[in-house]
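Scroll down for the structure; my scribbles are underneath it.
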Amino acid sequence: MTSRANDLAALVQAFFQEHLINQRAASKNTVKSYRDMWKLLLRFLSGPKSKRAEKFCLDDISAETILAFLDDLETSRKCCTRTRNQRLAAIRSFLRYASISIPDRLQQFQRIFQVPVRRFEHRVRGHLSHEEMDAMLSAPDRRVAIGRRHAMLILFLYNTGARVEEATALTVGQIRFEKPPQVRLLGKRSKERITPLWEDTAQRLAEQIAEQGSAGLPDAPVFVNRRGGRLTRGGVDYILKKYQKKAAGSCPTLGQKTVSPHTLRHTTAMHLLQSGVDINMIRSWLGHVRFDTTNEYLEANVDMKREALAKGGITGMPDGPTRWKPTKDILAFLESL
């Protein structure tokens with residue numbers, strides 16, 4: 001075995017540079033997620049003795065160690081099951097790369113591959129009602145420049161369903177203002193998609209870009225902070241929480257919800273679905289890579305319909321949704337299928 005093969009630090013760096021960045025062309029967010037996992041794992045391995053990270057070797061990566069690390073994420077760092085599974089997936093990805101470079105370690109790695117992914121309850125994603133969304137859109141004071149910028153950001157996120165990274169990275173050159181107005185978004189795995197803009201959104205975007213002095217500058221950021229620099233994810237979170245608190249004064253139900261950039265993305269999807277837009281169109285609109293991601297909105301919409309039926313809002317319907325009840329005659333049940 002070569003010294004590099006047994007050198008965990010060198011192997012991890014090769015995994016990032018050769019595999020993730022060069023071969024897979026992974027997005028910055030993917031690289032950051034894997035980086036964060038390794039920082040947490042190395043700190044965990046250091047333990048109370050604070051062993052230097054460069055002193056670790058592959059012998060330190062065992063199934064028992066990984067299980068203890070995952071347990072520590074949930075107990076000490078209070079991570080949810082979804083985060084635990086993401087960290088495990090990042091470890092497995094590294095081990096698949098390492099097993100090609102060091103096949104004689106395969107038996108050791110196989111034990112780690114057998115560490116199970118933990119099941120968790122898939123909850124319906126939170127979204128805003130039409131009244132709550134209207135309150136958010138009306139909250140910024142458009143009489144002042146900062147209010148106009150913030151109102152434009154909220155409107156854009158709702159119109160497009162863009163991910164926060166897509167919005168903060170948006171440049172003037174990605175927007176088409178001529179009819180039909182549209183925006184070109186760069187999503188996960190560097191996939192581009194075209195999303196239509198409402199006439200009002202396009203007009204207000206043009207006005208905002210002109211006010212910022214960015215008209216005719218295709219590489220200029222669309223959403224900027226007080227200093228004129230590109231808005232960050234943290235800045236977007238701050239803006240939404242600020243106006244959620246303000247809007248809750250006129251729409252009290254907002255005070256009971258968490259409003260994040262992803263909340264507005266889910267809101268866009270649910271409002272499109274409730275308006276009769278085809279689910280495949282919504283998948284294209286949001287740039288979903290996996291089919292089951294979009295299908296969660298279908299399940300959420302069915303739950304909402306059941307709630308409406310349970311409230312007796314439709315004439316001629318029973319007080320509650322019809323529930324299936326088991327019978328004693330299993331053969332008759334099977335024949336009825």
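With 31 Å as the limit, the listed pairs K179/K245; K179/K246; K28/K51; K191/K246; K39/K245; K39/K191 have K179/K245; K179/K246; K191/K246; K39/K245 beyond it between alpha carbons. Label zone (R230, point 7 Å along Cα-to-C-beta; backbone nitrogen cut-off 13 Å) within the stretch 11-36: 28-29.
For M152, M136, what's the fewest-to-most ordering of other Cβ within 10 Å of each Cβ? Before the final figure, lay out the partial values.
Working: M152 21, M136 26.
Neighbour counts put them in this order, fewest first: M152, M136.
How much FRET efficiency would the formula 1/(1 + (r/R0)^6) give for A25 and A206, where r is the Cβ-Cβ distance and R0 is 56 Å, rounded to 0.05? Walk me through the intermediate numbers first.
Numbers: r = 34 Å, r/R0 = 0.60.
My answer for the efficiency is 0.95.
Note on R184 and L137: their simple-model spin labels are 2.8 nm apart, each label 7 Å out from Cα toward Cβ. Charge dipole of the stretch 3-113 (Cα centre as origin; +1 on each Lys and Arg Cβ, -1 on each Asp and Glu Cβ, all else neutral): 420 debye, rounded to the nearest 20. Relative contact order, whole percent, for the stretch 88-239 stands at 18, derived from Cα pairs under 8 Å and 6 or more residues apart.
A short reminder: the numbers here are calculations on the coordinates, not readings from a lab. Predicted, not measured: the structure shown is a model, and the values here were computed from it. We place every Cβ from the backbone using ideal geometry, glycine too, and count neighbours over all the protein chains shown.
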